[in-house]
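K.L.:
Can you keep this structure in mind? I'll have questions shortly.
Just so it is clear, none of the values below were taken in a lab; they were calculated from the coordinates. Note that this is a predicted model, so its numbers are computed, not measured. Don't worry about glycine lacking a Cβ; one is built from the backbone with ideal geometry, like all the others, and counts go over all protein chains shown.
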Amino acid sequence: MTQSVMVLNGPNLNLLGQREPGIYGAHTLTDVEGLCRSACAQHGMTLEFRQSNHEGVLIDWLHEAGAAQARGELAGVVFNAGAYTHTSVALHDAIKGAQVKVIELHISNVHAREPFRHHSYLSPAVQGVIAGFGVHGYQLAIAALAMDKQAEVK
Ligand code: DQA
């Protein structure tokens with residue numbers, strides 16, 4: 001069965017390209033979607049790409065992803081939760097509750113930035129974390145999910 005990857009983007013990521021370009025670069029979220037679509041195609045997977053500024057919507061999507069993963073339809077989630085990374089117990093609980101495989105993704109190297117960005121509520125609940133590789137981190141995260149999938153088949 002062809003599996004999909006769900007890429008979820010949290011608050012303010014709709015502003016990519018115009019938002020602090022010195023930190024996040026010039027690529028727009030539409031550019032990122034294109035990169036993700038090519039990466040998924042390269043690995044024989046399909047893409048579901050979403051963005052919301054609302055915590056509850058992100059929680060609902062994680063639940064949906066967990067159900068799709070349980071049916072064998074989803075390889076996992078690449079999740080850039082934006083600032084909710086540093087504040088949200090609810091997103092931590094959603095990942096655990098939905099038993100969904102998540103790769104936490106940050107465009108910037110959050111550990112080289114302000115101290116309030118050094119703690120993640122998500123990290124203890126996810127498979128792994130990719131940070132600091134710009135928008136190419138999304139491609140790395142998709143590759144990681146594809147490798148995981150292959151390892152499961154062997
Ligand atoms: C971010 C890092 C977060 O600290 C910040 O709040 C974001 C984007 C990143 O992609 O580097 O919104 O997740």
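K.L.:
Tell me, please, whether a residue that is over 26 Å from T30 (Cα atoms), within 16 Å of the ligand (Cβ to nearest atom) and of a type outside the set (D, E, K, R) can be found in the range 57-66.
P.N.:
No, there is no match, as no residue in the range 57-66 is over 26 Å from T30 (Cα atoms), within 16 Å of the ligand (Cβ to nearest atom) and of a type outside the set (D, E, K, R).
K.L.:
Does the range 6-26 contain at least one residue that is within 13 Å of the chain's Cα centre (by Cα) and charged (D, E, K, R)?
P.N.:
no
K.L.:
Among the numbered criteria (1) surrounded by 14 or more Cβ atoms within 10 Å (Cβ to Cβ); (2) away from the ligand (no atom under 13 Å from the Cβ); (3) part of a helix (DSSP H, G or I), which single criterion is violated by E48?
P.N.:
Here E48 meets the rest and fails (3).
K.L.:
If you don't mind, another one. Are any of the residues in the range 58-72 surrounded by 19 or more Cβ atoms within 10 Å (Cβ to Cβ) and among the aromatic types (F, W, Y)?
P.N.:
yes
K.L.:
Could you count how many residues in the range 80-100 are within 9 Å of the ligand (Cβ to nearest atom) and either among the hydrophobic types (A, V, I, L, M, F, W, C) or assigned to a helix (DSSP H, G or I) (or both)?
P.N.:
Of the residues in the range 80-100, the ones within 9 Å of the ligand (Cβ to nearest atom) are 80-86.
Subsequent filtering for residues that are either among the hydrophobic types (A, V, I, L, M, F, W, C) or assigned to a helix (DSSP H, G or I) (or both) retains 81-86.
Qualifying residue count for the region: 6.
K.L.:
List, please: which pairs have Cβ atoms under 7 Å, are six or more places apart or on different chains, and start with a residue in the range 128-151 that is without any contact (Cβ under 8 Å) to a residue 12 or more places away in the chain and end with one that is within 12 Å of the ligand (Cβ to nearest atom)?
P.N.:
What qualifies is L140/I130; L140/F133.
K.L.:
Related question: Can H119 be described as within 16 Å of the ligand (Cβ to nearest atom), exposed (fewer than 15 other Cβ atoms within 10 Å of the Cβ), without any contact (Cβ under 8 Å) to a residue 40 or more places away in the chain and not in a helix (DSSP H, G or I)?
P.N.:
Details: within 16 Å of the ligand (Cβ to nearest atom): yes; exposed (fewer than 15 other Cβ atoms within 10 Å of the Cβ): yes; without any contact (Cβ under 8 Å) to a residue 40 or more places away in the chain: yes; not in a helix (DSSP H, G or I): yes.
Answer is yes for this residue.
K.L.:
Being closer than 15 Å to F133 by Cβ and outside any helix (DSSP H, G or I) is the filter; apply it to the range 17-41 and report the residue that is farthest from the ligand (Cβ to nearest atom).
P.N.:
Among those residues, the one meeting the criterion is H27.
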